[in-house]
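Just so it is clear, none of the values below were taken in a lab; they were calculated from the coordinates. All figures in this text were calculated on a predicted structure; none of them were measured in a lab.
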Amino acid sequence: MVYLWLALAIVFEVGWALAMKQSNGLTRLWPTVATAVMYLLSVVFLSQAAKKLDVGVAYAIWAGAGVALIAVAGVLWFKEPVSWVKAGSLSLVVVGIVGLTISRGAH
């Protein structure tokens, strides 16, 4: 169940970041509301995951997976530029996430 909470936290983290981009600097009402709601849900689900995972591991996986998914979404959805350095750096983030997950941060 802990990884379900963590997955939901990551999904909502990605959601709020993408909604924030759509909000045009928090000037559009509904994307701004979506940003706030998804941010809160992301933290709520992260707190549930942190009950069973080491907080450093839970936070690192949440932040790292969010960063990687948001960067990919930016390239695919918003047509942001991608370079070999960006792709390689994201690969290192993913390797770190896998390493932390394998390290068994659960009690």
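Find the Cα radius of gyration of the chain, compare it with 2.2 N^0.38 Å by division, and give the number to two decimals.
After normalising by residue count via 2.2 N^0.38 Å, the value is 1.13.
Extension gain L26-V44, at 0.36 nm per residue separation less the Cα-Cα distance, in nm? Please report the intermediate quantities before stating the final value.
Numbers: separation 18, 0.36 × 18 = 6.48 nm, distance 2.19 nm.
Value of the extension gain: 4.3 nm.
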Under 26 Å from the Cα of K86 - lysines, other chains or at least 8 residues apart:
K21
Any idea what Rg and Dmax come out to for region 59-105 if you just take the C-alpha atoms, in Å?
11.6, 36
In nm, what is the difference between 0.36 nm times the number of residues separating V75 and A7 and their Cα-Cα distance?
22.3 nm
